[in-house]
Structure formats: structure tokens, C-alpha cells
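Throughout, read-outs are computed from the coordinates displayed, never taken from laboratory work. Bear in mind that the values here come from a model prediction, so they are computed numbers and not experimental data. Virtual Cβ from ideal backbone geometry, glycine too; neighbours counted across all protein chains shown.
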Amino acid sequence: MLSSRYYSASRMGTDAKPRTAIIVDEDDELYSGFNEVAPALDTRNLREDETFQETLRTAGIGRKLPSRTGTGMVRLGTVSMRDVGSRSGTSARPVTALRAAGYTSASRDRPMPTQHLEDSVEDRVKQMEARIMALVEESCLLSARPDPDDDSTTRKEHDLGQALAKAQEASTMERQLIRMQEQANLGDTHNLDLTFAVLCNLADQYALNEMYTEALNTYQLLTRNKLFPHANRLKVNMGNIYFKMGEHPKALKLYRMALDQTPTAEKDLRMKVMHNIGLLLVRMGKFRDAVTNFQHIMHEQGDFQTGLHLVLCSVALSDAEGGKAAFHAMLDVEPPTYHQDIPIDDEKDTYECVVRDVSRGDKLSRWSRRAAAEAERCLALAAAVLTPTAGTDDDSGTGMSWCVEALRGYSGAGGAGGAAGGRLELGAALASLRASRTARSGLAVLQRLKAVAKAHAEDRVLRAEANADAAFVAYALGNWSEARSLSESASRDDPYSCAARVTLALSSLQASLSEDAAPELAWREAAETLTAATHLDPADLIAAHDLALCLEQTAGREGLSVAAARWSRVRACGAPTHTLRPLAAAALARLALRHPADHAAAEHWYSLIGNWDAGVTSALAQLHSEMGDTQTAKHHYQDVEAIWPCDLTALEWLAGESPPDVALQYYRRAARLEPTNV
């Protein structure tokens, strides 16, 4: 049975009647007709349609047809449609519902790889500014002095010439930057701070390289430009340059201009400028004006260095009362904070010693110690200037005792005032010992030094210095036991004191020898202590000299070889005019004469000393006499007689080698020198 099945017009979306009817056999499957399409939608014959293909070819003229890459063939489009993407960078919306739900393919209009476009003017300006600042920083680093507190392992190079070259290169690039901005009509956006930094650094590098004319011209470019409001501070730098050039009036004028143009709120800068003015007035010989300047600084914001300069100016004007007032003003200055070392109970405790050394070595501790040392130095110098003639022990109110009492009552700078007073008293005691070299004055000095150590029990360093000096005085007086105890106390307070260990070794040696101990053991113990002292300070020639003497006294050829090496080191380290050089040469000659005897080496060392010492010349004469060279021995003995006529050895030898009448004269002289010698 045949039946006709029409497509409803409503399916097509219109009310028109269907143009085609499909006859379906009932024997066929129910859904077999879905594979058939209407002729209007059939595109299978479009490839053979010449009119349609010609239309497609002519319609694409003037624009690029979309293509699909990555496939083996390019499918021709059926219709021409515009991009219906909502925005750039996203895939186009599907025209039909032939895609699966949730699937989004890449955009067919994929942009081509973009080429690197040329940088804009603003980007080039930023790059040049960064390069200029990098050159300025490199220049500053090259010209900067190394920091003593810098613990970094890398040491920065200090090259003023290279720093100047970097500064000039930065200035050249900065001018190129200005021209580029003007050509791009960006002159109003130029960075004035960059220009100021470049020119200021260039002027500084000129000044460091002693190119003063170029530095002054560069500074004038900054000070005369009203676009730089803080350029007037650079007049201080210009004044410093004129001061180095010796043009003091111009320097004074610039200093005063800088002081007038510095606001009152910047008190620190004003005080520094006034300090420069005071020093310049001192150089010009205007001490009265300098005193006025320094007094104003001490009244507003005093410091130890300004107080010292005020004391020096008062002394130059012979103003004792002004000097006293200046010294009291120094004592009124607020001292820097000083970090004392951590006290430890047992020096043999490794942990406590490490903690103390670590806390002593950090940057803050070093800075505080350096500030306290500077304050102490200024106080000690001011007190020394205010004392009367050197070498006198004046107990009046204007002498050293007055300064010591004033400093003793000053508990500033973490004890720096008291330490300065203690060191001043140490210097006064040793000066009085040099002025009167008697046993009585030595005992008085010993008591004063022990009193200083007792008065500063909290200051470990000062106590160690006082005990070391007292131990030396006690050793000179022959008090071996007291010298040993004082040197041991100094070594405990300051384990790195080489002088205390040298005194300890010598006093222990003399004490052991006086107690009839074994000499060999005493010399060995002294040598061990002196070896430790030389390890603490290898440059201490006194310790090296004493160690060589101790090693020379020890028995054995091994000890003699070590002693010879020590003497050679002493001779090599000593200055050409140093007294230890001839002493070392004489010791090497003595060692050469010991087993086995080497007369040639001994003669060499004795000849290097010269004939200025009677003992050395006598030893050289005796050496030639033993060698059988009578003529040379006679010549040297005659030199001994000329240097020291009381040498009996020379008189006896000359008498034995002279004719009877000449020998009689030598014997008469010897008899007058020693009438009891039969």
C-alpha cells in the first residue's frame, strides 16, 4: 500500500505549502528518509556548478580567505561570512548547532606571530636613566674608601681614575638623554634629581683626583641653577677645595655663605660648617675669632674634638682660665655609650672566652670602643696641654694633678674620663721616674702605679696596663717576687699583653736563679714564656731578643741552631739604625765561636758592627790574636784604647807586644787604674 507523507509547513517555519512530496514505502524502515535532503539544501553538485565556482573566485579578490593549516587539504568554503566573534582573542560563535555541547575550538582567525616592535621613547628614557644611575653607583663604589668595620671577604677596588671615567660617562649619557627628550617634546618630564646626582658625583670625582678647577666649575653649574633648591650646601664643598688650594679668604667666604643659607632647623649641618670656619680661622692665625666660634659650638652642641680645639686655642693665647673653662666644657659633653667586655670568672673556660671574644668583635662594640677611645684621646690631649712644663710634678691647681682630679671625678664615656685620668696619671708617674732615676723615686712610682690599678678595678684594660708598668718598675728595683705577681695579674687581665709576659718571664727567671734552682730548667721555662709572647706579637723585637738570649743559654747544639735563627730574625726585622741589629750581630759572632768554632763567620759578624763599641772591637782583636794575625789584632786593640782608655785587656796586650820603654808606659797606666792588682 502506498501512502504519501508530506513535510509539514510548520516544520519549515512558514505557512506555505510544501514544494516536494516524498513517497515512502511502508516496507522500508521508519527513519530511512532522514538521510534525504531537499534539493535547495543539496550541495553535492556545487563542485560541478561553473557559475557558482566563478562567483566564489571573483568574490575573494582583495581579501585573504580563511585557511586551515595543519591538514593535508584546504576545504573551500560554501558561503562567505564575517567574523562573528564577540571580541578579539576569543573563538567565533558557531553559526549552526552542529557542534557538540561544551566544545570550543580555537579561533580560525589565529593571529600571526607578532614581531618585536620598536621601543617607545618613554621606554628608552627609562632604560637610559637606569644605566646612568648604575654608572653613578659604580663611580661612588670605586672612589669609596674601604670600611674598617667591613667584615665581608671581598675587598672593593679603590681606583680614583676609573671612578672619574665612570662619572664622565654618566654625564655624557645624561646630556644625550636630555637631547632625546627635547626631540620627542618630553623636555618637561626630565628628572632633575638625576641631573643633580650626576653633576654632584662628577664634581666630587674631580675633587678626589685633585682637578680642582673642573670641580669648581661643575659645582658652580649646580649652585647657580635655581632649579636645585638644596645646591647651596655644595658651597661647603667648594670651600673645602679652596682650603686645599690655600686660598683661605675665598674658603672663608664660601663657608659663611653656606652658613647663612642653611636653615636653622638643620642644626648638625650648621655646627659642622661653624667648625670648619673655626679651623680656617686658626689656620689664618685669628685665634680670638676661632675661640668665639668654638665656644658657640660648645654651647649649642658640644663634642670632644671641638673642646680640644678650644683648649688649644686658649693655650695659644696664653689664657689659662679659658683653657680651664674649655676643659670643664669638655667634661659636660654627653659621652658615647661604651660596651664593656663581658666579665668572666675563669679564663680557662673556653665557652666563656669565646662568648666574650664574639661580643667584643661585633660592629656595634667596635664602633662604641672607637668612639670611647676618641673621647679618651681628646681628654688626655687636652689635659696634657694644660699641664705645666713636661717632666715636672706640679701639685698646684693648674698642673697635672688638677687635671687628674678633674678627670677622676668624670664618669662619662663609659668610664672614658676616668680611664683618661688613669692613663694621664700613668704617664705622669713614668715621667717622674725618668726625671729622677733613684731607688726612692722608683718606690714612689711603684706605689702610684699600684694605686691606679686599684682605683680602676672595673676597667680591665687600664688595670692591666698599670700592673704591667708596675711589674717593670718592680723588676728594675730587684723585687723579683713582686714583679712576678704583678705581671701574672696583668696577664690575667689582658691575655694578649706581650709586655706583661716578657716581664713575667724575666722576673720568674731571676727569682728561680736567686732561689738556687736548676739553671737549665729556669732558662727553659723562661724560653717557653717568651715564645708565647712572640706568638702574641711577632713584631715585638724586645721579646724576640730576650728569647734568643734564653735559647743561647740552653745547652745542646739544637738550642744553638734555634738561637741563631732567632738572632737572624731579630737582625732582619730591626731598622738599619736600631740598636738591636749590632746586638744580634754580636750574638751571631758568639755563636760562631762556640763548638765547632768558625772564626771566619765570627770575624764577618764582628766587622759588620763597626768600631764604635769598645767591647765588640776588643772581641774582634782577641779573635785575630787567636787566629795568629798579630798586626790586625794590634790595630784593633789600638782602636779600643782610643775609644775606652781604661780597658785593661787592651793595655795588657799592647804592653806585651810593644818594646820595653813603650810597654812600661802601658803598665803604669794599668797600675793607676788598678793599684791593688799586683
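Would you mind putting 181-192, 308-319 in packing order, based on average other-beta-carbon counts within 10 Å, highest first?
Values: 181-192: 12.3, 308-319: 19.8.
Taking the mean over residues of other Cβ atoms within 10 Å, the ranking is 308-319, 181-192.
Whole-Hz Karplus ³J(HN,Hα) for the stretch 277-283, in order, using 6.51 cos²θ - 1.76 cosθ + 1.60 and θ = phi - 60°, x for Gly and Pro?
Result, ordered by residue: 5, x, 5, 5, 5, 5, 5 Hz.
Between residue 354 and residue 296, what is the label-point separation in nm under the 7 Å Cα-to-beta-carbon projection?
Calculated label separation equals 5.7 nm.
Over the stretch 229-334, calculate the relative contact order: mean separation of alpha carbon pairs under 8 Å at least 6 apart, over the residue count, as a percent.
17
Between residue 272 and residue 477, how high is the FRET efficiency from 1/(1 + (r/R0)^6) when r is the Cβ-Cβ distance and R₀ = 56 Å? Nearest 0.05.
Once rounded, the FRET efficiency stands at 0.60.
Label point 7 Å out from residue 535 along Cα-to-Cβ: which residues of the stretch 497-515 have amide N under 19 Å?
497-506
Which length gain, in nm to one decimal place, applies between residue 217 and residue 648 when the Cα-Cα distance is subtracted from 0.36 nm times their residue separation?
On the way: separation 431, 0.36 × 431 = 155.16 nm, distance 7.90 nm.
Taking 0.36 nm per residue and subtracting the Cα distance, the gain is 147.3 nm.
Nearest 0.05, what FRET efficiency do residue 185 and residue 134 give at R0 = 35 Å with Cβ-Cβ as r?
0.85
For residue 423, what charge total do you get from the other residues with a beta carbon under 9 Å from its beta carbon, if Lys and Arg give +1 and Asp and Glu give -1?
-3
Using a Förster radius of 45 Å, what is the FRET efficiency between residue 437 and residue 256 based on their Cβ-Cβ separation? Nearest 0.05, please.
Details: r = 55 Å, r/R0 = 1.21.
The formula returns an efficiency of 0.25 here.
Find how many whole Å separate the alpha carbon centroid of the stretch 623-678 from the alpha carbon centroid of the stretch 201-226.
Answer, in whole Å: 77.
Show me the ranking of peptides 486-496, 262-272 by mean Cβ neighbours inside 10 Å, starting with the highest.
In decreasing order of mean packing, 486-496, 262-272 become 486-496, 262-272.
Just to be sure I understand the model, the point goes 7 Å from the Cα along the line to the Cβ. What's the resulting residue 305 to residue 457 distance in nm?
3.8
Lys and Arg at +1, Asp and Glu at -1: add these up for the other residues within a Cβ distance under 13 Å of residue 238 and post the number. Please report the intermediate quantities before stating the final value.
Values: positive: 224, 233, 235, 244, 250, 253, 256; negative: 204, 214, 247.
Overall, the nearby charge balance is +4.
Which far-off residues, 5 or more places away or on another chain, put their amide H under 5 Å from the one on residue 598, with H placed in the peptide plane?
Here the answer is 593, since their amide H atoms fall under 5 Å of that of residue 598.
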